[in-house]
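The values are calculated or read from the model by the stated rules, or taken from the named source; none is laboratory data. Small disclaimer: the values here were computed from a predicted structure and weren't measured. Positions of Cβ are generated from backbone atoms using ideal geometry, with glycine treated the same way; all protein chains shown enter the neighbour counts. With ligands, DNA and RNA removed, areas are computed over all heavy atoms of the protein, side chains included. Shrake-Rupley method; radii C 1.70, N 1.55, O 1.52, S 1.80 Å.
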Amino acid sequence: MASIWKTLPEGTLGRYEHRAVCVILAVLACAATVLVIHSAWTGSLTALLLRSLFFSLMTSAGLFIVSAGRTKLTYRVPIYLLAAVVLIPGPYLYINYMAIIFSGGIASTTHMALFVVSVVAVLTLARFTVGWVMVGLGVAALAYAFLGDLIPGVYGHGGYSLGRITSNLFLRTEGIFGLPMGVAAQYILLFSLLGTLLLRTGLGQVFVDLAHALTGRIQGGPALTAVVSSTMFSSINGSAVAGVVTTGTFTIPLMKRTGYRPKVAAAIEAAASSAGQIMPPVMGAAAFLMAELTQTPYATIAAAALIPALLYVFALLVSVRLEAGKFNLARSDGSDVPSLMSVLAGRGYMLLPLVALVGFLVYGYTPAKAAVLCIAATLIISLISDKTRLGPSALVEVLVDTVRNVLPVVAAVAIAGMLIGVLTLTGMALKISGMILDFGGDNLFLVLCLTMVASFILGLGMPTSAAYLLLAILIAPALENFGLPIIAAHMFIFYYGLLSAITPPVALAAYAGASIAGASPNETAIEAMRLGFVKVVAPFLFVYAPELLLIGSPLEVCLATYAAFAGVFAAGTAMTGWCIQPLGHIERVAFWLSAACFTYSLILAQLAPLGLAAKVLGTVFLVFSLWRLWSSHDRRSANLAS
């Protein structure tokens with residue numbers, strides 16, 4: 001039982017109050033997990049019942065966690081009461097489901113009261129887990145539904161009563177219990193549980209050791225270790241900030257010891273940790289949301305995201321390796337670097353659940369069933385060693401940690417569902433898309449720029465899933481109406497919605513790294529932007545060259561991939577100013593011209609004569625630059641030897 005008492009800090013709570021809340025939280029976490037696993041495996045619950053039960057359990061658990069963090073009893077008691085009352089809607093809808101169907105979904109006084117309770121509860125939870133932005137959006141959506149008759153012109157409407165709004169947003173799968181909540185209940189909790197289990201059994205350290213074994217002996221090895229390990233780690237938990245504070249405590253001091261400037265060490269870690277949000281298979285749970293919202297198979301989404309994600313990681317690896325050469329940083333003597341075989345022989349078996357996950361998905365299992373099987377496999381594999389074995393109380397602690405991690409998503413998807421319901425009810429969704437298209441006219445580039453700015457602003461400081469959901473509702477339809485492939489449109493807004501993790505004024509991942517490195521937060525954010533420049537340009541590249549999203553023939557995909565990777569290498573080298581040796585003016589200009597040619601080739605059809613010519617010219621500039629640098633290096637080495 002000792003582990004259960006650790007699920008919440010005691011803080012200002014009395015001993016008995018603390019233990020009571022811990023027990024309640026453990027029960028709710030276990031109930032939510034059993035509900036989701038049972039539904040994933042059997043599929044026996046209808047959408048409204050699963051989502052409403054999941055909502056009640058998760059929101060109640062979240063409010064108990066929120067209340068435990070309040071210092072004054074006068075603040076805690078109302079939130080405790082709200083946490084207890086919000087447990088009612090799910091079971092009520094479960095018991096009265098058939099009566100609601102036979103009534104045609106017409107809201108009664110009881111339904112309206114439960115709807116109000118649910119709204120107050122989710123807004124309270126969002127206030128403490130996501131922030132005021134989502135709260136403001138939820139309140140604005142409801143106000144627009146009630147008071148639309150006061151708005152003149154095309155954006156107004158006749159206004160709706162509480163009963164009508166309750167019927168749409170509470171008694172149907174178009175509001176709070178809409179598609180976003182379904183994704184959270186069917187996928188996000190399961191994959192978050194899998195990630196928490198894997199990290200609890202020590203997979204995070206395996207990632208670090210594997211990366212260190214692969215890159216530790218290369219110049220710039222600690223930075224390369226940071227890129228590889230942080231990408232792997234954050235691809236499991238989907239949080240850039242969590243990746244920084246977890247792997248950064250090891251990699252940032254190691255980078256500083258080998259000569260990296262503090263702001264660069266912190267920026268490398270921040271940029272690498274933000275890679276996990278765009279790296280399949282989880283992508284911060286956005287992959288599952290995208291699959292549902294676009295009605296595209298999950299495997300297609302994950303495959304489409306792979307090349308842009310690898311392009312981003314490649315750019316980071318190039319930048320940090322060239323940075324090490326530019327400043328002639330020390331190499332590790334190898335004494336502290338484990339061998340790859342020793343890591344795999346000692347703890348390589350802990351990677352088996354990830355291999356199994358890919359295998360189950362390829363074999364044809366649904367993502368939910370694949371996650372359940374991998375959770376079972378992780379628990380079985382954890383029994384191999386005393387260090388990884390989880391007892392009942394430790395397992396409960398894992399469940400509570402999982403619930404805590406998913407709470408921001410639950411709050412965000414509930415409010416996103418309300419927003420979707422109101423936009424659908426009032427017809428406002430089409431008007432927002434029309435507004436962007438009216439400003440952009442027939443100019444795709446201008447529409448993309450407007451969408452980029454809107455996505456960046458709306459995604460400031462938001463969790464991955466929340467940012468994507470908000471943008472998919474408000475912004476993506478404009479790009480779809482412009483005629484872009486649906487995956488390209490959603491990937492575009494997804495990338496720019498996540499850019500704030502390393503971009504001022506928010507830059508949460510960069511600021512977290514700066515605090516560990518003892519560097520200036522803003523200088524760290526600027527360095528992180530330089531290192532992560534691919535995140536800025538990649539969305540434009542795969543809009544104009546959808547072959548990077550595997551949309552096209554194999555030959556077109558290969559040509560686009562070559563152009564993208566070669567262009568990124570050329571641009572990264574030109575920005576760093578070093579490759580083999582410091583760049584002269586001629587080499588730097590040639591690298592920039594190479595990058596420009598490859599970029600231009602991506603705007604054109606991949607098999608068009610002009611596009612092929614641009615690729616050939618880019619290759620010529622690239623080879624010419626490398627040849628000059630290598631020849632000059634050989635001559636200098638020969639002179640030194642003589």
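Residue-wise test of (1) open to solvent by less than 30 Å² (accessible area, probe 1.4 Å); (2) of a type in the set (Ser, Thr, Tyr).
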{"site": "LEU57", "(1), (2)": "no, no"}
{"site": "THR71", "(1), (2)": "no, yes"}
{"site": "VAL86", "(1), (2)": "yes, no"}
{"site": "PRO89", "(1), (2)": "yes, no"}
{"site": "TYR97", "(1), (2)": "no, yes"}
{"site": "ALA113", "(1), (2)": "no, no"}
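For segment 197-215, give me each residue that is within 18 Å of ARG321 (Cβ to Cβ) and crowded, with 23+ Cβ neighbours inside 10 Å.
Of everything in segment 197-215, those that are within 18 Å of ARG321 (Cβ to Cβ) and crowded, with 23+ Cβ neighbours inside 10 Å turn out to be ALA211, HIS212, THR215.
Please work out which residue is nearest to the chain's Cα centre (by Cα), limiting yourself to segment 161-195 and to residues that are buried (at least 24 other Cβ atoms within 10 Å of the Cβ) and of a type in the set (Ser, Thr, Tyr).
Step by step, filter segment 161-195, then rank; the result is SER192.
Of all the residues that make up segment 253-277, how many are modelled with pLDDT under 85 and not in a helix (DSSP H, G or I)?
3
Answer with yes or no whether LEU316 is surrounded by fewer than 24 Cβ atoms within 10 Å (Cβ to Cβ) and at pLDDT 85 or above. Spell out how you get there, then give the answer.
Numbers: surrounded by fewer than 24 Cβ atoms within 10 Å (Cβ to Cβ): no; at pLDDT 85 or above: yes.
So LEU316 fails the test.
Here is a yes/no grid of residues against (1) surrounded by 19 or more Cβ atoms within 10 Å (Cβ to Cβ); (2) under 11 Å from VAL86 (Cα atoms); (3) in contact with a Pro (Cβ under 8 Å, 6 or more places away or on another chain):
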| site | (1), (2), (3) |
| --- | --- |
| VAL119 | yes, yes, no |
| VAL122 | yes, yes, no |
| TRP132 | no, no, no |
| VAL135 | yes, no, no |
| ILE151 | no, no, no |
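Of all residues being in contact (Cβ under 8 Å) with a residue 24 or more places away in the chain and surrounded by 13 or more Cβ atoms within 10 Å (Cβ to Cβ) in segment 99-111, which is farthest from TYR16 (Cα to Cα)? Just the residue, please.
Residue satisfying both the conditions and the ranking: GLY105.
Check ALA370, ALA330, ALA377 and return the single one that is open to solvent by less than 70 Å² (accessible area, probe 1.4 Å) and either on the phi > 0 side of the Ramachandran plot or modelled with pLDDT under 80 (or both). Break it down into steps so the answer makes sense when it comes.
Values: ALA370 fails: either on the phi > 0 side of the Ramachandran plot or modelled with pLDDT under 80 (or both); ALA377 fails: either on the phi > 0 side of the Ramachandran plot or modelled with pLDDT under 80 (or both).
Criteria check complete, one pass: ALA330.
Which one is modelled with the highest pLDDT, of the residues in segment 1-54 that are open to solvent by less than 70 Å² (accessible area, probe 1.4 Å), among the hydroxyl-bearing types (Ser, Thr, Tyr) and assigned to a loop (DSSP other than H, G, I, E, B)?
Ranking the candidates gives THR46 first.
Looking at (1) surrounded by fewer than 19 Cβ atoms within 10 Å (Cβ to Cβ); (2) part of a helix (DSSP H, G or I); (3) over 17 Å from the mean Cα position of the chain (by Cα); (4) not charged (D, E, K, R), which one does GLY552 not meet, given that it meets all the others?
(2) is the only condition that GLY552 fails.
Being touching a Leu at 6+ places or on another chain (Cβ under 8 Å) and not aliphatic (A, V, I, L, M) is the requirement here; does GLY427 meet it?
no
Among the residues of segment 410-452, write down those that are open to solvent by 20 Å² or more (accessible area, probe 1.4 Å), touching a residue at least 60 places away in the same chain (Cβ under 8 Å) and within 18 Å of LEU498 (Cα to Cα).
MET452
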